[in-house]
1. Let me spell it out: the conditions are (1) without any contact (Cβ under 8 Å) to a residue 60 or more places away in the chain; (2) buried (at least 16 other Cβ atoms within 10 Å of the Cβ); (3) more than 25 Å from Thr57 (Cα to Cα), and Ile119 meets all of them except one. Which number is the exception?
2. I need the helices (runs of 4 or more DSSP H) fully contained in region 24-108, keeping only those with at least 1 residues that are without any contact (Cβ under 8 Å) to a residue 60 or more places away in the chain, loosely packed, with under 13 Cβ neighbours inside 10 Å and among the small types (Gly, Ala, Ser).
3. Name the residue that is farthest from the chain's Cα centre (by Cα), counting only residues in region 137-170 that are acidic (Asp, Glu) and part of a strand (DSSP E or B).
4. Residue under question is Asn134, and the condition is that it be modelled with pLDDT of 95 or more, among the polar types (S, T, N, Q) and in a strand (DSSP E or B); does it hold?
Amino acid sequence: MYWCKSFFRFAVVALICFLASCKPEVQQSKNSYFDLTSYFGAETKKLTNTKFYVVKTVSRNGDAETKTVKIDNWPGELSVFSESNINKPSWRNSYKTTTNGAITIYKALEPDLKTREIILKKENNKVVYLMIFNVTNNSLFQNKEKLTYYPDSLYQIQRKQHVRFLGTNDYLIEGKLKKR
């Protein structure tokens, strides 16, 4: 009988310890900054459903080629924009937010963050344009990007890439959206 009481006490203590160690999953209820991933997710769905064609110019060091194309993979086409999202929980205090009227600027406070700055203009709660400035530095290369997006109108990716021992290249991808 003694072992039964000891077992019961042990089971109760173990159950209490188990329940005390269970914690609900903590989720970030609100993004600290503008959510590029969600925004471009919605944009790519809209662009896929709205029959746009694109007058696309691709340029390397000034040598340009322009074609009219139909984009079948909008998420891939605009992935460089959504990959610049700054809403990681560990970056919650890594950007300074400045708002002046319709323009909001997110500026990196730490020098090693890839996305250095985002400039966003909204009117009537709709994005008018956004610009993203990215920088990647390491011992082999330096990459500077300026990404510009005007909804339903234009997207532009400007990249200056310096690779050690190979030199510098300037790239430009520009897409002008036209409705069919």
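1. (3)
2. Working: elements: 36-49, 74-77, 79-82.
Where helices (runs of 4 or more DSSP H) fall fully within region 24-108 and carry at least 1 residues being without any contact (Cβ under 8 Å) to a residue 60 or more places away in the chain, loosely packed, with under 13 Cβ neighbours inside 10 Å and among the small types (Gly, Ala, Ser), they are 36-49, 74-77.
3. Residue satisfying both the conditions and the ranking: Asp170.
4. yes
Each row is one residue, and each column tells you yes or no for (1) in contact with a Lys or Arg (Cβ under 6 Å, 6 or more places away or on another chain); (2) without any contact (Cβ under 8 Å) to a residue 40 or more places away in the chain.
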| site | (1), (2) |
| --- | --- |
| Val127 | no, no |
| Met131 | no, yes |
| Val135 | yes, yes |
| Leu140 | yes, yes |
| Lys144 | yes, yes |
| Leu147 | no, no |
| Pro151 | no, no |
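The values are calculated or read from the model by the stated rules, or taken from the named source; none is laboratory data. Values in this document were obtained by computation on a predicted structure and should not be read as measured data. Ideal geometry is used to build each Cβ from the backbone, glycine not excepted, and the neighbour counts take in all protein chains shown.
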